[in-house]
Amino acid sequence: MNEEKKGLTQLAVQLVLLVAIVAAALGLDYAFSDQQPYIRYLIDTSALAAVIVLVIILYRTSVKRFRSKVIEVGAQIDSDYQQYMKQWEYPYAILTDQLRIVWCNDAFRHLTGQDDGAGKSLADLKIDWGKEKPEWDPIIKQIQRGDSYFRAEMNQIRLRGVKDMENSADYTQLYSLSLKNVTREVVLEQENLDQQSVVGLFYVDNYDQIMNSLSENQRPLLEAGVYRLLSDQATELKGVMTRLERDRFLVIFPHKYLKNLTEGKFAILDKIKKMDSGSRYQTTLSIGMGIDPDIETARKYARSGVDLAMGRGGDQAVIRSKNDQQFFGGMTTTVENNTRVRARLIAYALKERIEAADQVLVMGHANPDLDCFGAALGMWRIVHELKKPVHIAMSADKHPAVDYLYRRVSGEKDYSDVLLDQEKAEKFVSSSDKTLLIVVDVNRKVIVQFPDLLEKAKDIVVIDHHRTAADSIEGVTISYVEPFASSASEMVTELMQYILENPQLTSIDADGLFAGIALDTKNFTVKTGVRTFEAAAYLRRKGADSVRVRKMFKNDMEDYKAKARIVGGAEIFSDKVAIASWASSLPNASTVAAQAADELLDIHGIAASFVLTEIDQGQINISARSLGEFNVQLIMEELGGGGHLTMAGAQLKNVTLEEARRKLIEAIDKVYPENREKNDPKGDTNHEDPAE
């Protein structure tokens with residue numbers, strides 16, 4: 001109090017002195033009004049300087065006193081705040097940038113069982129937070145500690161330096177962590193979820209094909225065996241089962257028992273494969289599970305789930321809900337379907353769509369290969385023969401994988417206006433409301449050549465041989481996805497024979513389709529069925545030449561050397577998985593990497609191969625191949641990619657080669673934990689550019 005009075009007295013004295021100086025200046029100015037002007041100027045200047053000095057002193061004294069008062073009040077507030085937070089009922093802590101405890105309240109100490117948690121990390125206190133730290137927005141998670149669940153919120157606290165309050169470089173970062181017990185809410189939510197009904201659809205894959213391969217006496221035994229397995233499964237799930245059709249079953253059961261299926265990874269898939277049906281074909285299931293409070297919505301999810309499972313090749317289960325979907329199974333090679341009934345039906349439906357359209361645009365995937373370009377050329381020929389305006393949407397950028405065929409197309413007068421870049425393709429689609437967009441060799445919307453065209457086109461047809469992806473193109477009029485087919489070129493060749501009576505193929509069309517089949521079958525050695533050879537024979541009769549096709553697969557010397565270095569630098573894991581990585585400067589790096597992955601499979605004992613290629617800074621492409629023992633599609637899906645059981649790929653961004661390699665190994669271990677590497681890999685990883 002005395003200090004405050006002293007300060008006020010000093011302030012009053014300074015004010016009086018200021019008034020006195022001003023008064024003296026005015027008096028002197030009046031007294032010397034008759035004198036020389038320079039004398040009055042000197043008096044006025046001196047008085048003004050004295051006033052300025054006094055004002056500065058007065059200001060600095062006031063600011064210092066104000067800051068002192070603010071600090072005093074702030075300290076009092078801080079003390080009160082800490083006392084309040086100490087007694088707060090919710091656990092609360094202040095953390096460093098390394099997420100170590102600086103200060104925590106009594107509730108936090110009680111929760112963690114620590115008298116003083118200062119200096120300890122969240123991991124030390126068995127709080128599973130991870131390494132995430134908030135920036136401007138808080139991070140909110142639900143974490144579990146024992147049998148209790150907490151809503152955890154972490155915020156960033158920014159403290160500025162005292163010297164320069166506007167300099168953001170003086171910020172010191174701290175974080176606040178508050179926990180709220182939400183165990184009751186979580187338990188009630190789980191109880192409500194457990195009471196919901198799950199709708200399950202079980203479809204027998206290739207039912208007719210299996211039945212036709214059995215004798216009259218064996219068929220009832222197979223039906224009884226399938227029915228018994230599914231009935232036992234429904235009983236285990238405390239649900240009810242009914243038969244919808246000969247090969248289709250519906251099961252409804254409480255959600256709480258779904259955990260039994262997921263923890264067992266849908267063991268029913270393996271049980272039915274092990275069943276001795278007497279057929280040369282393996283019996284498999286496609287399963288769709290739908291979860292939603294509304295039973296009709298759950299049924300729709302189950303239907304879309306089973307369709308997705310079948311589109312991915314069967315022998316797998318898909319669980320779908322409003323915001324999530326999970327995949328199980330899919331470890332076996334798809335069996336070729338010898339029946340052409342569906343192909344004929346699709347051909348007739350496609351012909352109707354083409355004839356009803358004003359114009360047609362054909363599009364493949366980004367970075368097209370020979371199968372994509374060949375299928376697009378074949379579809380262009382079909383539409384052209386039906387007398388409809390038609391073009392192929394393809395980037396004007398050079399694509400090394402199709403360079404030879406691209407130059408042949410560009411050099412022919414009859415194909416001069418076939419290819420459209422993105423701008424022209426968008427104008428073409430927008431020029432008519434009745435434009436038909438035919439997408440070949442891809443069913444994922446994110447990797448088509450020009451994704452924007454999917455939004456502009458109102459009528460879309462998809463023709464693809466890859467397993468249906470979770471992010472497949474939506475709203476299609478006709479979806480012809482056959483994972484058993486060797487290639488999109490094989491599918492287009494087959495459709496061509498049903499749509500056109502006598503198609504007039506040029507050598508470019510025939511060579512393109514034949515090259516597409518040869519590429520995806522590795523010259524008719526992989527995934528080749530009866531229909532594959534029949535399609536190839538048809539193309540040979542139409543003028544395809546194997547010598548010209550072989551020229552499309554030729555490599556230059558630099559590519560050949562690069563491929564050899566990749567193979568030579570591969571690491572071998574578990575004596576059956578080969579992984580190679582390299583930083584590339586070659587324009588056709590992806591093609592070279594894919595060829596190297598194929599050649600790694602020629603090494604004795606290798607069942608799967610992966611080649612990681614750094615295309616650009618921070619962008620890693622992965623080419624994955626297998627002989628069927630490993631489902632590389634599932635592994636690549638863990639990394640955001642996709643493809644076939646024996647041929648797949650993925651693209652990682654903002655990672656280094658080493659980080660990508662580590663993520664790949666983690667994905668392999670997750671999908672195939674029984675093959676987790678226990679010993680050091682054999683071989684040396686090549687991180688250099690093989691072209692150098």
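List the pair-distance distribution P(r) of the range 248-305, using every Cα-Cα distance, as the percent of pairs falling in each 5 Å bin from 0 up to the bin containing the longest distance, rounded to whole percents.
Cα pair-distance distribution for the range 248-305, in percent: 4, 15, 21, 24, 16, 11, 6, 3, 0.
For the residue pair R342 and Q218, what label-to-label distance in nm results when each label sits 7 Å from Cα along the Cα-to-beta-carbon direction?
It works out to 2.3 nm between the two label points.
So, R0 is 51 Å and r is the distance between the beta-carbons of F553 and Q326; what FRET efficiency does that work out to, to 0.05? Intermediate results must be reported in sequence, preceding the final value.
On the way: r = 39 Å, r/R0 = 0.77.
Plugging the Cβ-Cβ distance into 1/(1 + (r/R0)^6) gives 0.85.
Between beta-carbons, use under 11 Å as the cut-off and find the net charge around D294, counting Lys and Arg +1, Asp and Glu -1.
Counting the neighbours of D294, the net charge comes to +1.
Compute the length gained on full extension between R353 and S304: take 0.36 nm times their separation in residues and subtract their Cα-Cα distance, giving the result in nm to one decimal. Write out the running numbers ahead of the final one.
On the way: separation 49, 0.36 × 49 = 17.64 nm, distance 2.39 nm.
Between R353 and S304, full extension yields an extra 15.3 nm.
Could you sort 374-384, 200-210 so that the peptide with the highest average Cβ count within 10 Å comes first and the rest follow in order?
374-384, 200-210
In terms of Cα to Cα distance under 16 Å, which aspartates and glutamates are near enough to K413, apart from those fewer than 8 places away along the same chain?
D509
Using a probe of 1.4 angstrom, how much of the accessible area of the range 491-630 is carbon and sulfur, in percent?
Carbon and sulfur atoms account for 50 percent of the accessible area of the range 491-630.
Quick check on packing: order 249-258, 623-632, 222-231 by the mean number of other C-beta atoms within 10 Å, highest mean leading.
Numbers: 249-258: 18.3, 623-632: 23.4, 222-231: 16.2.
In descending order of packing, they fall as 623-632, 249-258, 222-231.
Mind scanning K424/K445; K351/K527; K554/K576 and naming the pairs with a C-alpha gap bigger than 26 Å?
Going by Cα-Cα distance, K351/K527; K554/K576 fall outside the 26 Å limit.
Where a ≥ b ≥ c are the square roots of the eigenvalues of the C-alpha gyration tensor, would you call the range 330-446 rounded, which needs a/c under 1.5, or, failing that, prolate if a/b is larger than b/c, or oblate?
Here the range 330-446 falls in the oblate category.
Please go through the residue pairs K180/K259; K126/K180; K388/K434; K322/K456; K256/K322; K259/K663 and name each one whose alpha carbons sit more than 20 Å apart in this structure.
In this structure, K180/K259; K322/K456; K259/K663 exceed 20 Å between Cα atoms.
May I ask you to derive the FRET efficiency for N502 and D137 from their Cβ-Cβ distance with R0 = 56 Å, giving the value to the nearest 0.05? Intermediate results must be reported in sequence, preceding the final value.
On the way: r = 65 Å, r/R0 = 1.16.
The value I calculate is 0.30.
For the range 531-563, which trypsin sites (Lys or Arg not before Pro) are both in a DSSP coil and crowded by at most 13 other Cβ atoms within 10 Å? Don't skip to the answer; put the middle values down first.
Working: sites: R531, R540, R541, K542, R548, R550, K551, K554, K561, K563; in loops: K542, K554.
For trypsin sites (Lys or Arg not before Pro) across the range 531-563 that sit outside H, G, I, E and B with at most 13 neighbouring Cβ atoms in 10 Å, the list reads K554.
For the range 331-458, with every protein chain kept in place, what is the accessible area per residue (1.4 Å probe, Å²)?
Accessible area per residue, the range 331-458: 46 Å².
Among the aspartates and glutamates, which fall within straight-line cross-link reach of K271, defined as a Cα-Cα distance under 14 Å, with same-chain neighbours fewer than 8 residues apart omitted?
D232, D315
³J(HN,Hα) across the range 303-309 via Karplus (A = 6.51, B = -1.76, C = 1.60, θ = phi - 60°), whole Hz, x for Gly/Pro?
Computed from phi, the couplings for the range 303-309 are 5, 5, x, 5, 5, 5, 4 Hz.
Restricting the count to DSSP beta bridges whose residues both fall in the range 398-505, what percent are antiparallel, rounded to a multiple of 5?
10 percent
Can you give the FRET efficiency to the nearest 0.05 for D124 and E658, using r as the Cβ-Cβ distance and R₀ = 22 Å?
For R0 = 22 Å, the calculated efficiency reads 0.15.
For the range 358-406, just the Cα set please: Rg and Dmax, both in angstrom.
11.1, 33
The values are calculated or read from the model by the stated rules, or taken from the named source; none is laboratory data. A quick note: this is a predicted structure, and the numbers were derived from the prediction, not measured. Glycine also receives a Cβ, built like all others from the backbone with ideal geometry; neighbour counts cover every protein chain displayed. These area figures cover heavy atoms from the full protein model, side chains too; ligands, DNA and RNA do not enter into them. Shrake-Rupley method; radii C 1.70, N 1.55, O 1.52, S 1.80 Å.
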